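A quick write-up on the structure given underneath.
The values are calculated or read from the model by the stated rules, or taken from the named source; none is laboratory data. Only a predicted model underlies this, so the values are computations on that prediction, with no experimental measurement involved. Here the Cβ positions follow ideal geometry from the backbone for every residue, glycine too, while neighbour counts run over all protein chains shown.
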Amino acid sequence: MDDDTARFDARAAAWDANPMRQKLARDIAAAMTAAGLFRQPIPLALDFGCGTGLLTLKLAAQAEQVTGLDTSAGMLAELATKIERAGLTNVAMLSADLAAGDPLPDHYDLIASAMALHHIPDPAVVLKRLWAAAKPGAHLALADLDSESGAFHEDKAGVYHNGFDRIELADMLAGIGFTGIDAATAATIEKTGKNGQIIPYPVFLMTARKPQ
């Protein structure tokens, strides 16, 4: 187990206690709805970096089957408890590290990710693997922070990017082969700075599609 995974394992039990994370999942799901990602049936969806499944369970209401993928056993254990408590039969879990080359068992009609990309040292490596796991015509939905000063995370351990420039990320996706790339602000997280000032941190939803 690497240090990053161990940190998320340690935080898993208390993760959902932060109401900001609950609201963020709702806002991202609403932005996905507004982007039209649920207009067509979704046989199989993947939530990459699912954590405790806050977005996964939103996708479960829209997809015939959704898989929550994460490297943290602690996070997945929290999701497993939710699945059992709710009696869900269309939610699966997968422990895998795409950055390390772990295989994906299927191909997906929708691949989503919320606030996971900035924890990946080389996002291009993972995005190429998600491209390979996407069916022709599949949609990609990435939610993450806009570029910021680095003040968002008080604990910088495991944080490899201080958000993303939307144009640069869109160019990365286009270089991989995705088309129809668009981005909109999905949510804004407010935090109190060191001087007591409230600082807004926008979270974008970037959508794209793998051509047919």
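Do you know which residues across region 1-47 are more than 14 Å from residue 142 (Cα to Cα), under 19 Å from the mean Cα position of the chain (by Cα) and of a type in the set (D, E, K, R)? Those that are more than 14 Å from residue 142 (Cα to Cα), under 19 Å from the mean Cα position of the chain (by Cα) and of a type in the set (D, E, K, R): 4, 7, 9, 11, 16, 21, 23, 26.
The set of residues in region 139-151 that are among the hydrophobic types (A, V, I, L, M, F, W, C) and at pLDDT below 95 contains only 151.
Filtered by the rule that a residue be outside any strand (DSSP E or B) and under 18 Å from residue 111 (Cβ atoms), region 77-92 gives 79, 90. When we screen 27, 16 for residues that are surrounded by 14 or more Cβ atoms within 10 Å (Cβ to Cβ), over 24 Å from residue 132 (Cβ atoms) and at pLDDT 95 or above, the only hit is 27.
Keeping to region 23-45, report how many residues are among the hydrophobic types (A, V, I, L, M, F, W, C) and either touching a Lys or Arg at 6+ places or on another chain (Cβ under 7 Å) or within 22 Å of residue 87 (Cβ to Cβ) (or both). Before the answer, list the steps.
Pass one, region 23-45, residues among the hydrophobic types (A, V, I, L, M, F, W, C): 24-25, 28-32, 34-35, 37-38, 42, 44-45.
With either touching a Lys or Arg at 6+ places or on another chain (Cβ under 7 Å) or within 22 Å of residue 87 (Cβ to Cβ) (or both) added as a condition, the list becomes 25, 29, 42, 44-45.
Adding up the residues that qualify gives 5.
Scanning region 191-212 for residues that are at pLDDT below 95 and closer than 23 Å to residue 122 by Cβ gives no hits. Scanning region 157-190 for residues that are touching a Phe, Trp or Tyr at 6+ places or on another chain (Cβ under 8 Å) and assigned to a loop (DSSP other than H, G, I, E, B), we see that the one that is modelled with the lowest pLDDT is 158.
Tallying residues that are in a loop (DSSP other than H, G, I, E, B) and either touching a residue at least 24 places away in the same chain (Cβ under 8 Å) or touching a strand residue (DSSP E or B) at 6+ places or on another chain (Cβ under 9 Å) (or both) within region 195-212 yields 3. The condition (being acidic (Asp, Glu) and within 16 Å of the chain's Cα centre (by Cα)) is satisfied by just one residue among 106, 97, 155: 97. Among the residues making up region 61-72, those that are of a type outside the set (A, V, I, L, M, F, W, C) and either part of a loop (DSSP other than H, G, I, E, B) or over 11 Å from residue 111 (Cβ atoms) (or both) are 62, 64, 65, 68, 70, 71, 72.
Evaluation of residue 152 against the conditions (1) surrounded by 14 or more Cβ atoms within 10 Å (Cβ to Cβ); (2) not in a loop (DSSP other than H, G, I, E, B) shows that the sole unmet condition is (2).
It is to be established whether one or more residues within region 104-122 are under 23 Å from residue 40 (Cβ atoms), of a type in the set (Phe, Trp, Tyr) and either crowded, with 19+ Cβ neighbours inside 10 Å or at pLDDT below 95 (or both). Yes: region 104-122 contains one or more residues that are under 23 Å from residue 40 (Cβ atoms), of a type in the set (Phe, Trp, Tyr) and either crowded, with 19+ Cβ neighbours inside 10 Å or at pLDDT below 95 (or both).
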